[in-house]
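None of the figures in this text is laboratory data; all of them are computed from the coordinates on show. Because the structure is predicted, anything quoted here is derived from the model rather than measured. Don't worry about glycine lacking a Cβ; one is built from the backbone with ideal geometry, like all the others, and counts go over all protein chains shown.
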Amino acid sequence: MSRRLYFVLPDIETSRKVERELLLAHMESKRMHFLGKRGVDMKDLPEATAAHKTNLLRGLYIGFFAGIITGLLAGFYLYFNPGLLGMQIPPFIIFICAIVGAILGAWISGPLIGASTPNSSIQSYTPLLHKGHVLLILDVPPKRTEEIRKLINSIYPQEDARQAVSTGNIVGAT
């Protein structure tokens, strides 16, 4: 289990310094994801994936469970209304309907809908990204949360962040 932290950094150079310090602090690079304005060259920084940028995973979960429920309801309806298809439906059809519903629900809600909507967790940072800032998304073990915050604040202090950009939540964790 890990805790997701968000930090807004002023530019690519500061982001590279933060990445180096995190690597020296034994933070795995697979736990770091940098997100900048579309079209900005992130150099060799580990970029945020589609799962970070969109609601893909949330869409998959919602669609999966909604599909199971819908499939179960359809299966029970078919099972308890044998005249509908003109024959008696075996009980395992309920299970098959639930599986088909889960697959269809996850497919429709995940890649088709979730992947096309921006991640609601990072939407508040969009204006800062358009100004050229870089969002650092970290997945940190809970016991290292405070250590990592202090490390990043030592490289780019919160006071500097507030002076650099005068809008809202600049550096911090949610």
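For the chain, what is the relative contact order in percent, using Cα pairs closer than 8 Å and at least 6 residues apart in sequence?
Computed value for the chain: 42 percent relative contact order.
Considering lysine pairs in the chain that are 8 or more places apart or on different chains, how many have Cα atoms under 24 Å apart?
Lysine pairs meeting both conditions in the chain amount to 16.
Go through 44-51, 10-17 and give me the packing order, highest mean Cβ count within 10 Å leading.
For the peptides 44-51, 10-17, the packing ranking is 10-17, 44-51.
Per the helix-only calculation at 222 nm, which mean residue ellipticity applies to the chain, given -39500 (n - 2.57) for every DSSP H run of n ≥ 4 and division by its residues, nearest 500 deg cm²/dmol?
-14500 deg cm²/dmol
Test of understanding: what is the full-extension gain from residue 77 to residue 23, defined as 0.36 nm times their sequence separation minus their Cα-Cα distance? Kindly include the intermediate steps, with their values, before the conclusion.
Values: separation 54, 0.36 × 54 = 19.44 nm, distance 5.62 nm.
The span from residue 77 to residue 23 would gain 13.8 nm if fully extended.
Measure nothing fancy, just the Cα-based angle from helix 92-107's long axis to the longest principal axis of the chain, in degrees from 0 to 90, nearest 10.
In the chain, helix 92-107 runs at an angle near 30 degrees to the longest axis.
In a shell of Cβ-Cβ distance under 10 Å around residue 140, excluding residue 140 itself, what net charge do Lys and Arg (+1) and Asp and Glu (-1) give?
The answer is +3.
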